[in-house]
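Student: Please see the structure below; I have some questions.
Every read-out reported here was derived from the displayed coordinates using simple, explicitly stated rules and does not represent laboratory data. Predicted model only: the values in this text are computed from it and were never measured. Note that each Cβ is placed from the backbone with ideal geometry, even for glycine, and that neighbours are counted across all protein chains shown.
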Amino acid sequence: MGRLFALLVILGASPAWATNWTVTQDQSKLGFEATQMGASFEGQFKEFQATIVFDPENLADSKVDIIIPIASVDTQSADRDSNIAKPEWFDVATYPEARFMTTSIAKEGEGYVATAELTMRGVTKVVQLPFTVDIEGQNATAAGDVTVVRQDFGIGQGEWVANAVVGGDVRIFFDLKATAQ
Amino acid sequence: MPLRNNDKSYGSVAKLLHWSMFLAFAAVYAIAIYMSYLPMGPSLFETITLHKSIGLLIMGLALVRIGWRLFNKSPALPADMPMHERFIAHAAHLALYAIMIGMPLSGWAMSSAANFPASFFGLFTLPSIMTPSKEAVDLLKAIHWYAAWGIGALILAHVGAALKHHFINRDTVLSRMLPFHKG
């Protein structure tokens, strides 16, 4: 009886183990799209550490935590990359990392919506990020984006607060490839 | 003043295009010098955008100008002008046309290579003509910089030659391009 109970507990508990996923960095993109003088440009972060636990059948235990070293930014312009690190922008010396950490994930339509705490330049804001997940066997692709207002995070100080040259809206996007552990 | 060129003088369209080009060149050089002293900040971006926009305007004007020239014979050079001077004059003018297209193109390519899309006076954004590359930016920057000096020298030679024709040869080479001169 005791043994059967233990077995039931294990069987009952097992669906609660959501899958751990390892991101394949060289096939994944994590970046942003911003505007300069009304024209959009894209940047990517070459490095980031992602901890992903995800199971479509167990969203309650699913979570995503991504830490991004801002200094790994690549906008294809050495001048711009070095300016992004400066105090007026991301102030990398004081705030070397940005962080995206989900607090809940809910099903919505064909995809999902993550409610997450996004921390940039020392400011944390709650964002709603819609995303899709495509799981095929041990491989998964997840993609989504969210538009934030850079000034909400204090990104672009002084003369840069105005939207005239660098637009306020910044679209953050990701397209991640991951394998199940 | 007729719109089209005749044997003796340029028409008003050719003159308008020439002097618009003069103003655009003066502006693009003045802005280039000014922006090289600006610190990093929004006004630097605005100034660079203005420089790029005028550069693109030069390229557009050049296309119109070349089109107009193809269907409008230029007034003849002075009959007594020696062969080698004629050759130099034609080569210099050909070079100036090449510059009006090539220089803006190198700037546009630099913007594309730097992933800094070029906006035309904030009205629209030009498509990218190059894959972003830091090496290409450095190369194009050097080309644009040295070409700017070379072109400056050529323009001085162009002005100098016009003045020489006017004051030394005392022919109509300069006056027939003057805006309000009836020739």
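Student: Would you work out the charge dipole size for the stretch B:123-183 about its Cα centre, treating the Cβ of every Lys and Arg as +1 and the Cβ of every Asp and Glu as -1, and quote it to the nearest 20 debye?
Tutor: Magnitude of the dipole: close to 320 debye.
Student: If you don't mind, there's one more thing I want to ask. Percentage of Cα-Cα pair distances in chain B greater than 24 Å, rounded to whole percent?
Tutor: 44
Student: At what distance in angstrom do the alpha carbon centres of the stretch B:100-176 and the stretch A:135-181 lie from each other?
Tutor: 37
Student: For the stretch B:77-183, with only Lys/Arg (+1) and Asp/Glu (-1) charged at the beta-carbon, what is the dipole magnitude about the Cα centre, in debye rounded to 20?
Tutor: Working: 7 positive and 5 negative charges, 52 e Å.
Roughly 240 debye for the stretch B:77-183.
Student: Regarding the protein assembly as shown, what whole-number volume in Å³ per residue does the convex hull of its Cα atoms give?
Tutor: So the per-residue hull volume is 183 Å³.
Student: Which one of A:Ala143, B:Ala118, A:Thr22 has its Cα pushed farthest toward the positive end of the charge dipole of the protein assembly as shown, where Lys and Arg give +1 and Asp and Glu give -1 at the Cβ?
Tutor: It is B:Ala118.
Student: What are the ³J(HN,Hα) couplings of the stretch A:98-106, residue after residue, when phi is run through the Karplus curve with 6.51, -1.76, 1.60 and θ = phi - 60°? Round to Hz, x for glycine and proline.
Tutor: My calculation for the stretch A:98-106 gives 10, 9, 10, 9, 6, 10, 7, 10, 10 Hz in order.
Student: Anyone know which of B:His84, B:His51, B:His158 comes out most mobile in the 10 Å Cα GNM of chain B?
Tutor: B:His84
Student: Taking the Cα centre of the stretch A:24-181 as origin and charging only Cβ (+1 Lys, Arg; -1 Asp, Glu), how large is the dipole, in debye to the nearest 20?
Tutor: Numbers: 12 positive and 24 negative charges, 64 e Å.
Approximately 300 debye in magnitude.
Student: Kirkwood hydrodynamic radius, computed over distinct alpha-carbon pairs, for the stretch B:112-183: how many Å, to one decimal?
Tutor: With all distinct Cα pairs of the stretch B:112-183 included, I get 15.8 Å.
Student: For chain B, modelled as a GNM with alpha-carbon contacts under 10 angstrom, which of B:Pro42, B:Pro75, B:Pro132 fluctuates the most?
Tutor: Sorting by GNM fluctuation, first place goes to B:Pro42.
Student: A further question follows. For A:Ala98, what residues show an amide H to amide H distance below 5 Å, using hydrogens built from the backbone and excluding near sequence neighbours?
Tutor: Those lying under 5 Å, H to H, from A:Ala98 are A:Ile68, A:Ile70.
Student: What would the Debye equation give as log₁₀ I(q)/I(0) for chain A at q = 0.12, 0.14, 0.16 Å⁻¹, counting only Cα atoms as equal point scatterers?
Tutor: Taking Cα atoms of chain A as identical point scatterers yields -0.61, -0.79, -0.98.
Student: Would you calculate a helix-derived [θ] at 222 nm for chain B, using -39,500 (n - 2.57) for each DSSP H run of n ≥ 4 and dividing by the full residue count, to the nearest 500?
Tutor: On the way: 4 runs with 115 residues, N = 183.
Per the formula, -22500 deg cm²/dmol.
Student: If you don't mind, there's one more thing I want to ask. Can you work out the Karplus-derived ³J(HN,Hα) for every residue in the stretch A:154-164? Use 6.51 cos²θ - 1.76 cosθ + 1.60 with θ = phi - 60°, whole Hz, and x for glycine or proline.
Tutor: So the Karplus estimates, Gly and Pro as x, are x, 8, x, 9, x, 4, 7, 4, 4, 7, 3 Hz.
Student: A further question follows. Classify the stretch A:107-181 as rounded, prolate or oblate, taking a ≥ b ≥ c as the square roots of the eigenvalues of its Cα gyration tensor: rounded when a/c is under 1.5, otherwise prolate if a/b is larger than b/c and oblate if not. List each step's numbers first, then the result.
Tutor: Values: a/c = 2.65, a/b = 2.62, b/c = 1.01.
Prolate.
Student: How big is the Cα convex hull of the stretch B:4-56 in projection, averaged over all directions, in nm²?
Tutor: Averaged projected hull area, Cα only: 4.1 nm².
Student: Can you grab the distance from the C-alpha centre of the stretch B:26-99 to the C-alpha centre of the stretch A:60-119, Å, no decimals?
Tutor: About 46 Å separates the Cα centre of the stretch B:26-99 from the one of the stretch A:60-119.
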